[in-house]
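As structure tokens, the structure follows; a few thoughts come after it.
Where a number appears in this text, it was derived from the coordinates with a stated rule and is not lab data. No experiment lies behind these values; they were computed from the predicted model shown. Cβ sites come from the backbone with ideal geometry, for glycine too, and all protein chains shown count toward neighbours.
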Amino acid sequence: MTIHCEIVSQDRIVFQGDVDIVVLPGTDGEMGILPNHTPLLTTLNFGLIRVRQKGQEEVFTVAGGVAEVQPTIVTVLADAAENVAEIDVKRAEAARERAVKAMEEKSRDEQDSYLAIEAALRRSNLRLDAARRYRRSAQRPSRLGETDKGD
Ligand code: ATP
């Protein structure tokens, strides 16, 4: 038995498929969603979404969003999301450098732009960490059940 999973970001469908389990970074903690799960709506932290399909695991970064769970479908509406395999490390490094530089130049008093810079820094750090940790292992059989450290 499988559950359909759709991960949609603001600009594209990042993933869709029938999977065995989806692990989400819910704001109340990591959640493993199996077929026939009780319906629920949750907001998502910055973190990793992991899906297992026929024993093969795929890992996605997600920069916040919401997830709706129904017994036969999980829908993730992400602020931004990408498969770790498609993360452009150079782009994330450049984004990180820009954010660090902007943070040094901005005063904390300029609240709105400071928060935007902080969010850009968190997105780039998330992408760089995920690429470093999961890029080579992304094609290996499941790592579900292992504990994430340092998110
Ligand atoms: P940048 O300043 O490089 O655009 P950003 O954090 O502002 O980074 P977002 O607004 O979060 O980018 O994302 C815009 C789109 O680009 C999304 O579809 C996101 O998945 C994609 N994206 C952003 N950074 C990367 C990256 N390093 N590798 C692959 N895709 C990325």
By Cβ neighbour count within 10 Å, fewest first, HIS4, HIS37 rank HIS4, HIS37
Distance in Å, no decimals, from the C-alpha centre of the range 111-137 to the one of the range 73-93 is 11
Yeah, the range 3-84 with a ≥ b ≥ c from its alpha-carbon gyration tensor (a/c under 1.5 is rounded, else prolate when a/b outruns b/c, oblate otherwise) is rounded
Sites removed, the longest contiguous part of the chain containing no DSSP-loop trypsin sites (Lys or Arg not before Pro) with at most 15 other Cβ within 10 Å is 55-105
per DSSP, antiparallel bridges as share of beta bridges in the chain, % nearest 5, sits at 90
Answer in debye to the nearest 20: the dipole magnitude of the chain about its Cα centre, from +1 Lys/Arg and -1 Asp/Glu charges placed on Cβ, is 640
